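J.: Next up is a structure, given as structure tokens.
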Amino acid sequence: MRANSTYRAIYNSFLLESLGPEPTGMDLSVLSALARTGVDPWAEAERLSSLPKGVAAQSIRASLAHIIDSVGARRLADLLPEPAQPVQQQQVTATDQRQFFKAHGLAIVAMWLFILVGFALTEASVEPDTQPVATKVSSVSK
């Protein structure tokens, strides 16, 4: 839920902006004006923020033509957050791999050597049972 509220909060400066007083004297916000046109204000804010500012201003002007002029629409478009830039994936090159192994290769080899020595010492510490099976059985039955 917190991620959703943080996500929606990025549109607050746009959605909570006053468009002026209504006949009742109450301020009309962009959120209220958009809701009265039948659109989800947050979805519309998200859609508008993905557009270039000029196109967003034209769309705002078209949606709220009975309330706002083109200057006001441009002012509102400027309140929208900038569209997120796509994350570019970094490609790992052979040079990157060589640099990694150059920097960490000795540590990797030392770790494997430590593991092998540990297994060898564990194997060496276990004494083999050299007594024949027949002798074991006869000593148990006595």
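The values are calculated or read from the model by the stated rules, or taken from the named source; none is laboratory data. Predicted model only: the values in this text are computed from it and were never measured. Every residue, glycine among them, receives a Cβ derived from its backbone with ideal geometry; neighbour counts consider all protein chains shown.
J.: Give the residues of the range 31-46 that are of a type in the set (Asp, Glu) and in a helix (DSSP H, G or I), sorted by residue number. Explain how you work it out, then say what you get.
T.: Of all residues in the range 31-46, those of a type in the set (Asp, Glu) come to 40, 44, 46.
Residues satisfying the conditions are GLU44, GLU46.
J.: Could you tell me which numbered condition ILE60 fails, if it satisfies all but one of (1) of a type outside the set (Ser, Thr, Tyr); (2) in a helix (DSSP H, G or I); (3) exposed (fewer than 14 other Cβ atoms within 10 Å of the Cβ)?
T.: Result: ILE60 passes all but (3).
J.: Let me ask something else about it. Restricting to the range 76-91, count the residues that are at pLDDT 65 or above and farther than 27 Å from ALA62 by Cα. If you could, list the steps in order and put the result at the bottom.
T.: Step one: filter the range 76-91 for residues at pLDDT 65 or above, giving 76-83, 91.
Of the ones still in play, those that are also farther than 27 Å from ALA62 by Cα are 91.
Residues that pass the stated criteria total 1.
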